[in-house]
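K.L.:
Here it is, the structure, as C-alpha cells.
Every number here is computed from the coordinates shown, using simple stated rules; none is lab data. Bear in mind that the values here come from a model prediction, so they are computed numbers and not experimental data. Cβ coordinates were reconstructed from backbone atoms using ideal geometry, including for glycine residues, and neighbour counts include every protein chain displayed.
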Amino acid sequence: MLATATTATLVGVDGHVVTVEVHTSNGLPSFTIVGLPDAACREARDRVRAAVLSSGLDWPDSRVTVNLAPSGLRKGGAVLDVAMAVAVLAVTEQVPAESLRGKAFLGELGLDGAVRGTAGMLPLTDALRDRAVVVASEAYHVALAANPRDVHPVRTLGQLASVLAGRAPWPDPPPVPPQPPPVPVPDLSDVIGQPSARRAVEVAAAGGHHLLMLGPPGAGKTMLARRLVGLLPELSRQCAMEATRVQSAAGLPLPTGLATRPLLRSPHHTATVTALIGGGTNAIRPGEISLAHRGVLFLDELGEFAPSVLDAMRQPLEEGVVRVSRALGTCAFPARFLLVAAMNPCPCGQAGRPNSCRCSDLVRQRYLRRLSGPLLDRFDLRIQVRPPDPDQLLDGIRGEPTAAVAGRVAAARERAASRGVEANVELSGAQLEHFAPLTPAAHAVLRERLRGGLLSGRGLHRVRCVALTLCDLASDEPLIDAERLNEALTLRASVGRLHAPATAA
Amino acid sequence: MSTVGRSDAERAELGALIELCSLPHMGPARLRALLSSRDALESIDQLRAGRAAVLTALRSCRGVDEQLIATWRRQAALAFERAAISGHPVGADLLAMHAREGIWLSVPARSDAAEIWESDPEPPALLFGQGVAIDPEIRRVGVVGTRRCTAYGRTVAQQLGAGLAAAGVAVVSGLATGIDGIAQRAALDAGGPVAGVVGSGLDQVYPASNRTLWADVARRGTLLSEYPLGRRAAHWQFPARNRIVAALSEVLVVVESGTTGGSMYTVDAAAERDRPVMAVPGPITSAASAGANRLLADGCAPVCEVADVLSALDAESPARPACERSETERDARGRTVARTAAAVAAGSQPDEPLDRQILDELTAGPRTLDELALQTGASLGELASALGRLQLSGWASETGGWWEKAR
C-alpha cells in the first residue's frame, strides 16, 4: 500500500517542495523515516504516531516506511509532521487518497493532535503557491501573505481528517487578530540640538547612504540610530515580501501579513562572522545582515567588532546579497541594508578634542587600524556626534518631528524610484553622470579637492551621490552646485588617518 | 672623516672605541665613565682584564650591575679574539662594516666641528654619520616639538623649516613623528641643509613611518647617531639624542610641546649649554602648546615669524651673520618673507564675514560642525560652503570631524 502527500522544507530562506511517500507492508510493526531527515525531522516518528492515536484514529499494525523525496535534499524541522500523518491516514484508508491531491500540508504536530505553525511559513507557502495549502490556524495570516491559490487553516489533526474524509467542511479562517498597538516609534523631535547629526540621519534615510557616527558614549548615537528607522518609508510590497521571507525563515515574530516597517537590528559587538553573515552547523540560517534586509543594521562600538567580522560584510555591502556556502549546500540570502555604525575615535572613551585625550599615537592608530580602509570607504556619511549643548538641552526647544522629516525622505525616495533604484546609493557612476550633472563651480571644487589629495576617485563618486540626495531632499533640480558638494564633503569626516593631509604651507 | 688618511694609532684607537660603543646597553654616560682617564684602547684592554680602576668607574654608573659587567668583559675578550684570528687590530672588522655601509665616524673632539663640543658637559665619544659632515660655517637652528601636533603646529613647522632653508640655515632636529619630521621635510623640500640626530643605529629606522625622510636626510643632509649599526631604538636613547640636538643647535625653537616630554628635555639640555631657546606661541587652551606657552611665560623669546629666529641667530654671534648678505639684502629677504605671508593671506583672505567668524571660533581650539553652527548661528549649508572655502585655501583643516585652524 502506498500514499503520497505534498509539503515543503526550508533551505536558507527558500521553500523547497517535498513529497512524502508512505508505504505499509507486512512485518513487525515499525515506523522508519528515510530521505535525509535531520534530528527534528526524525523525531516526527514519535510525534506523528502519538498525534494520530490521540486524535482517535488508528495507527497501522504493520511496517510503515516514510520516504521524503527528493532524497538528496536535507529536510529540517517539524513542518513535515502533518503531511506524514495524513499520508499515513491515506494509506490506511481512513481518508481517501484522492483528497490529498492538489493540496499541501505544512505544520508541526503536538502529541495531542494539535497542529502548530513553524518558522518559515511564508517562504514555505510561497513554494507551494499552485496548491491549496493546509496550515495551522495560528499561521493562517502569514501563509496568506504569500498569496497562494488557497489556504485552509486547521486546529487539530482530527479536524483535518474529518474534512478530508468529507464528514465536515473546511473550518472558517480565524478572525484577523487585533493589530497590536503600534510600537511607539521614538520621534526625532527628542533629539535636541545636534544639527549635523540630524541632517546626516535624514540624508542617510533619504539616500540609503551608510552612516558612521564618531563620538563619546552618551552623545546620543544609539538614540539617533533608532530614530533613523522611523524616517524610512513603508516598504514596497516587493521589498516587504523579501524582508518578511527572511524574518519568517529565521523565526522572528511577525506582524499579521507582511512586515511593512523596516527593521532595526543591533547585534552586540561580540557577534561572530556566522551570526552576522549567516551559516550554522545544522542548517544554514540567515545572519544579522539578512535580517536587516531593507532595514537598518546598527553596529554600536564598531571598533570593538572583530576585524574579520567587519571585513566579511564588505562583499554583501557591495552586492546586496550574500552567498553562504557550507558542506550542506549554498544559500543566497538577500542583504541590502542601511549600515549605521557608531564608535569612539580612540579607546580611552574620552574621545575628546584632538590632542586632549591620553591615548598614545600608537594606541589610537592600532584602534583605528581595526577598521580596514575599504570598509571605512563604504560610509558615505561620517560625522562627529558630541553631547548636545547644556543650554540647548535645558531651554526645552524640541527639534523637527519625525513626521516632517519622513515626508521629505519619502519625496526623495520617490525621486530615486523615478531613476529606477530604491535609493540613490545604488546609482552607478554612469547613472550619476546622467542624472546629476555638475555646475562649473562644482567642477572647480572637485578638481581642487582631487588635486589637493583631499578626495579619492571613489570618494568623488560617493560625494556626488550624497550631493544628489541633498538636492532631492530640497526638492531642487538635480544639478549639483558647489554648495551642495561642500555640504556633502562636510558630512564626510576623515577617519582612519591621524592627520588630515597636510595643507599647503 | 673616513678611516683613510688616519694614522695606524688613530685607527687602532677608533677600532677600540667602536668596540666599546657596540657593547650592549652602552650609553654616553657609561662611555664617559670608561674614557674619563684613559683612552679607548686601554679601556677595552683593562675591561677585558677586569682591572679594578675600570670596574670601579663602571660600577659608579647608574644601572650597571655585575651581570652587565661580566657580559661586557666577555664581549671585550671576544673582540680581542676576533682581532687575533683575523690578524687585524681590535674593531677593524666593525670599522670595515661601517665603511661598507657608507657610514663615517667622527670623534667630536677631533672633528672639524670640534668647537661645538669644546665646552659641552656631555660630548658624545663617537658619532656615526651619513651624508655630508657638519659644516661649522653653516648656521644651525634646532626645531623641536611634540609628536602629536595640531594642524597649527604642522603649518608652523612647515613654514619655519622652509623659511630657515631659504635663509641657508640648517634645520637640526630629531627625525621624530610630528613637529621634528615635518620641519625637516619642509627644509629638505626647500633645498636647505638639514641635520638629523637619531636615537638608534643608522640602519634601525624609528619611527618606521619616517623611512623616506630618514633616507632623504642621509642623502641630502647629515644623519647622525651615537650608536653603531644594529642598535635598536630604546626609550633611554631618545633623551640622550635630544642633548645632541640641543648641542648642535645655535638657537632652539620649540614649535608645539606639552609641559612634559622629549622637547622639554631638549630645552633643558639647551639651557645647560647656554643655547637660546625660543618658543612659538599657541592658544592657551591647546594642550599641545602648553609647554611652549609656559616657556614664553618664563621669559623665552617668542617666534612670530622666521625673521625672529634669524635675528636671534645673528645676535648669538654678530660677527657671523646668518648668511653672507648685506643689510639691504636682508631687508629684501625680510620683505620677501613678509610678502609671501601677505600673498598667502591676500589670496585667500576670508572676505566673507562667516569665514572670519569661523576662524575666530577655531582660534580657541578644535570645533565640531555642531559647535560651529551653534556659535555662528549659520545653517549647515552655509557652514559647509564656508568650511569648504577655508579648507581649500588652507585656513582650516578637518580630522575625524574636528575642524582646526591650520594657520
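K.L.:
Looking only at the protein assembly as shown, where both bridge partners belong to it, what percent of the DSSP beta bridges are antiparallel (to the nearest 5)?
P.N.:
DSSP beta bridges in the protein assembly as shown are roughly 45 percent antiparallel.
K.L.:
Residues in region B:225-243, backbone N under 15 Å from the label point at residue B:61 (7 Å along the Cα-to-beta-carbon vector): list them, ranges by number please.
P.N.:
What the label zone holds, given the 15 Å backbone N cut-off, is B:226-228, B:236-238, B:240-241.
K.L.:
Now for a separate question. For a quick protection proxy, order the peptides A:167-173, B:147-153 by their average other-Cβ count within 10 Å, most packed first.
P.N.:
Packing proxy ranking, top to bottom: B:147-153, A:167-173.
K.L.:
For residue B:80 and residue A:451, what does the FRET efficiency come to when R0 = 60 Å and r is the distance between their Cβ atoms, rounded to the nearest 0.05?
P.N.:
Efficiency computed from Cβ-Cβ geometry: 0.45.
K.L.:
Which of B:9, B:58, B:85 sits closest to the plus end of the dipole of region B:8-100, meaning its Cα is farthest towards the positive end, when Lys and Arg get +1 and Asp and Glu get -1 on the C-beta?
P.N.:
B:58
K.L.:
Roughly what % of DSSP beta bridges within chain A run antiparallel, to the nearest 5?
P.N.:
Antiparallel bridges: around 50 percent, rounded to the nearest 5.
K.L.:
So what's the projected area for chain B, the Cα convex hull averaged over all directions, in nm²?
P.N.:
Dividing the Cα hull surface by four gives the mean projection, 22.1 nm².
K.L.:
Under a Cβ-Cβ cut-off of 13 Å, what is the net charge of the residues other than residue A:164 that fall near it, where Lys and Arg count +1 and Asp and Glu count -1?
P.N.:
Cβ neighbours under 13 Å give a net charge of +1.
K.L.:
In units of 2.2 N^0.38 Å, what is the alpha-carbon radius of gyration of chain A?
P.N.:
This ratio for chain A stands at 1.19.
K.L.:
Pull up the cross-link candidates among the aspartates and glutamates for residue A:221, meaning alpha carbon to alpha carbon under 18 Å and not fewer than 8 places away within one chain.
P.N.:
A:187, A:190, A:202, A:300, A:301, A:304, A:380, A:389, A:400, B:370, B:371
K.L.:
Evaluate peptide B:385-398: per residue, the Cβ atoms of other protein chains within 10 Å of its Cβ; return the mean as an integer.
P.N.:
Other-chain Cβ atoms within 10 Å of each residue's Cβ, averaged: 5.
K.L.:
Over all residues in A:484-492, what is the mean tally of Cβ atoms on other chains that come within 10 Å of each residue's Cβ?
P.N.:
6
K.L.:
Kindly list the residues of region B:371-407 that lie in the label zone of residue A:474, defined by a backbone N under 15 Å from the point 7 Å along the Cα-to-C-beta vector.
P.N.:
Once the point is set 7 Å along Cα→Cβ of residue A:474, B:379-388 turn out to lie under 15 Å by backbone N, inside region B:371-407.
K.L.:
Obtain the nm distance between the two label points defined at residue B:52 and residue B:39 by a simple spin-label model: each point lies 7 Å from its Cα along the Cα-to-C-beta direction.
P.N.:
With each label point 7 Å from Cα toward Cβ, the separation is 2.6 nm.
K.L.:
Residue A:366 label point, 7 Å along Cα→Cβ, cut-off 20 Å on backbone N: hits in region B:175-214?
P.N.:
Under 20 Å, as judged by backbone N against the label point of residue A:366, lie B:177-178, B:206-210 of region B:175-214.
K.L.:
Direction-averaged shadow area of the convex hull around the Cα atoms of the protein assembly as shown, nm²?
P.N.:
52.1
K.L.:
Of the peptides B:265-278, B:109-122, A:443-456, how do they stack up when ordered by the mean number of other Cβ atoms within 10 Å, highest first?
P.N.:
Taking the mean over residues of other Cβ atoms within 10 Å, the ranking is B:265-278, A:443-456, B:109-122.
K.L.:
Let me ask another. Nearest 20 debye, what's the magnitude of the dipole of the protein assembly as shown about its Cα centre given +1 on Lys and Arg Cβ and -1 on Asp and Glu Cβ?
P.N.:
The calculation lands at about 1600 debye.
K.L.:
Along the Cα→Cβ direction, 7 angstrom out, place labels at residue A:318 and residue A:65. What is the inter-label distance in nm?
P.N.:
Placing both labels 7 Å beyond Cα along the Cβ direction yields 5.1 nm.
K.L.:
Separate question: State, to one decimal in nm, how far the label point of residue A:50 lies from the label point of residue A:270, with both points 7 Å from Cα in the Cβ direction.
P.N.:
Those two pseudo-labels are separated by 3.4 nm.
K.L.:
Using modelled amide H (1.01 Å from N, peptide plane; none on Pro or chain starts), what sits under 5 Å from the amide H of residue A:154, excluding residues fewer than 5 places away?
P.N.:
A:135, A:136, A:137
K.L.:
Would you grab the residues whose amide H sits under 5 Å from the one on residue A:264? Only those 5+ places off in sequence or on another chain, please, with H modelled 1.01 Å from N.
P.N.:
A:296
K.L.:
Show which lysines lie in cross-link reach of residue A:75 when reach means a straight Cα distance below 22 angstrom and same-chain residues fewer than eight apart are skipped.
P.N.:
A:103
K.L.:
Averaged over peptide A:450-457, how many Cβ atoms belonging to another chain are found within 10 Å of each residue's Cβ?
P.N.:
Mean inter-chain Cβ contacts per residue within 10 Å come to 1.
K.L.:
Report the FRET efficiency, 1/(1 + (r/R0)^6), for residue A:308 and residue A:237, where r is their Cβ-Cβ distance and R0 is 41 Å, rounded to 0.05.
P.N.:
The calculated FRET efficiency here is 0.65.
K.L.:
Which whole-Hz ³J(HN,Hα) couplings does region B:277-286 yield from phi under the Karplus relation 6.51 cos²θ - 1.76 cosθ + 1.60, θ = phi - 60°, glycine and proline marked x?
P.N.:
10, 10, 9, 8, x, x, x, 5, 8, 8
K.L.:
Ok, one more. So if R0 is 22 Å, what FRET efficiency would residue A:428 and residue A:332 give, r being the distance between their Cβ atoms, rounded to the nearest 0.05?
P.N.:
For R0 = 22 Å, the calculated efficiency reads 0.50.
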